[in-house]
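Only one structure is covered here, and it is reproduced in the block below.
The values are calculated or read from the model by the stated rules, or taken from the named source; none is laboratory data. The model shown is predicted, which means the values in this text are computed figures rather than measured ones. Every residue, glycine among them, receives a Cβ derived from its backbone with ideal geometry; neighbour counts consider all protein chains shown.
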Amino acid sequence: MIFPMHASSGTSLPLDESILKPGLRLGVGVSGGADSVALLLALRARARDLGLVLCVAHLHHGLRGAEADADLDFVRSLAAQLELPFHHAQVDVAASAGESIEEAARRLRYAWFRQLLLEIPLHAMATAHTRDDQAETVCGKFLRGAWTEGLAGIHPVVEFPEGRILRPLLAAKRSEVEAYLNEIGQPWREDSSNRDSAFTRNRMRHELLPLLETWNPRLRNHLAQMAELARDEEAWWQAELARIAPQLILAGKPVRGGGRASGGGLALDVTRLAALAPAMQRRLLRHAAAQLGATPDFPATEALRNLALAGRAGQRKELAQGLRAERTPRELRLTRETTASAEEAIPGYSVPIPGEFSAPAFGLSLRAEIQAEAAHPVSPRTATLRNWRPGDRVLLRHSSGPRKVKEVLDRMRLTGTSRTVWPVLELDGTIVWMRGAEVEPQHGVVIFASPLDPEA
């Protein structure tokens, strides 16, 4: 294998240097595929001039057996040849996949990236998304019926509490990436699952987009341009909403003599709403619903708009996600059942291991310890305390294998809000603690939980 120490060649990649600030401590996510290898080499070649401090990060997803093991060895060797620090971890995507394998892999990957941002620490992680990835994402969002914010596709910069995710290669074509690597004689790894038509993105990449390109060869360019337009327009809309929403969206219910009582959801002044353009009406309605934790689709948004503009006092609508609307003489009032999707209202907490932590949203105080005598104890790191999600699995003591958290809650006979808001502690993609359940100790981590003192 050839691992060139410098990636200077006649072929250059369109690297977005505007998001790469001097002094940036940057982790580069490298799978071993062409895109991520090219990104690493392009950044390595420019690191001195841009003032970047780089390291390499590789996540083994627990899929594809020996092929994935070889990917890990390849990336480790590449990092060593480039004299860059190397970090890796392994997760079991299949065991945690309540959603699709693709979505589970993505969720675990970004959870690990966020962990690295805290632990190393880093300012940002870079991923190798290209213009082709952008086109596929926008096309997929369109097919699923996304609103304009969804058509914004992959953002060049994503902010997390732990740091940023950067996509410096979004302007590069996949063909440019491969030409760049071929010119400098740099090999890469091919993921066999990228040819598996069972995955939606692969069918889009190998079947749908090539078919559409017979109608318009510049389709991928147009989809990428659409994403850029949608991002800029979404930024403008968000600024407009921040200006207008406080004038029309009111908390609580009006009381006799003026003012409003606390509680009781949100309300919109229908007279002022009717004076606005339909585009702003929809935005305000969806913005109000979002404050209640709901995400109405187009038919639901139109039902709300019709009720606000043409409804009679006393009319009501019950919509998905527990969202309820009632028309009064002057307002459209929105409420939401707390049991519909409480997960969206509960924050995720970063829990130091070892250490102590309070989580007011769950009414918990946690103490995490590492057992020194454990076979494979973890080093100090950060876990995530969050609400359970459909598809979560947990390994209980004296159990033959992981069980779905949903099934555990069923056995505990939990219903209503008690079931909806139920905390779990996730470490490296594994649930190591769950309220009310005896979890098999893993990684040498022991969790002690107690009710949070309301006076503390």
Practice problem: Those residues that are crowded, with 17+ Cβ neighbours inside 10 Å and either over 32 Å from the mean Cα position of the chain (by Cα) or not in a helix (DSSP H, G or I) (or both), I need them from region 320-334; list them, please. | Solution: L323, R324, A325, E326, R327, E331, L332, R333, L334
Quiz item: Given R195, R203, which one is among the basic types (K, R), over 20 Å from G32 (Cβ atoms) and without any contact (Cβ under 8 Å) to a residue 24 or more places away in the chain?
Solution: R203
Self-check item: Residue, surrounded by the fewest Cβ atoms within 10 Å (Cβ to Cβ), within region 239-253, restricted to residues that are under 16 Å from Q281 (Cβ atoms), under 29 Å from the mean Cα position of the chain (by Cα) and of a type outside the set (G, A, S)
Solution: R243
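Can you go through L117, L169 and tell me which one is crowded, with 21+ Cβ neighbours inside 10 Å, modelled with pLDDT of 90 or more and touching a strand residue (DSSP E or B) at 6+ places or on another chain (Cβ under 7 Å)? Give the steps one after another, and end with the answer.
Values: L169 fails: touching a strand residue (DSSP E or B) at 6+ places or on another chain (Cβ under 7 Å).
Within the list L117, L169, the selection yields L117.
For region 63-128, list the helices (runs of 4 or more DSSP H) that sit wholly inside it and hold at least 1 residues that are under 15 Å from the mean Cα position of the chain (by Cα) and free of Cβ contacts under 8 Å to residues at least 60 places away in the same chain; which are they?
Details: elements: 65-81, 93-96, 101-119.
Result: 101-119.
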Exercise. Identify, by number, the condition in (1) more than 30 Å from R403 (Cβ to Cβ); (2) more than 16 Å from the chain's Cα centre (by Cα) that V158 doesn't meet.
Key: (2)
Exercise. For residues that are under 15 Å from K21 (Cβ atoms) and in contact with a Leu (Cβ under 6 Å, 6 or more places away or on another chain), scanning just region 44-65, find the one that is surrounded by the most Cβ atoms within 10 Å (Cβ to Cβ).
Key: L52
Self-check item: Given (1) farther than 27 Å from A279 by Cβ; (2) surrounded by 15 or more Cβ atoms within 10 Å (Cβ to Cβ), number of the condition A224 does not satisfy
Solution: (1)
Self-check item: helices (runs of 4 or more DSSP H) contained in region 173-222 and holding at least 2 residues out of contact with any strand residue (DSSP E or B) (no Cβ under 7 Å at 6 or more places or on another chain) and within 24 Å of L41 (Cβ to Cβ)
Solution: 174-184
Quiz item: Only one residue in R256, R312 is surrounded by fewer than 19 Cβ atoms within 10 Å (Cβ to Cβ), of a type in the set (K, R), modelled with pLDDT under 80 and over 30 Å from V446 (Cβ atoms), so which one is that?
Solution: R256
Practice problem: Could you please let me know if A288 is surrounded by 14 or more Cβ atoms within 10 Å (Cβ to Cβ) and assigned to a loop (DSSP other than H, G, I, E, B)? | Solution: no
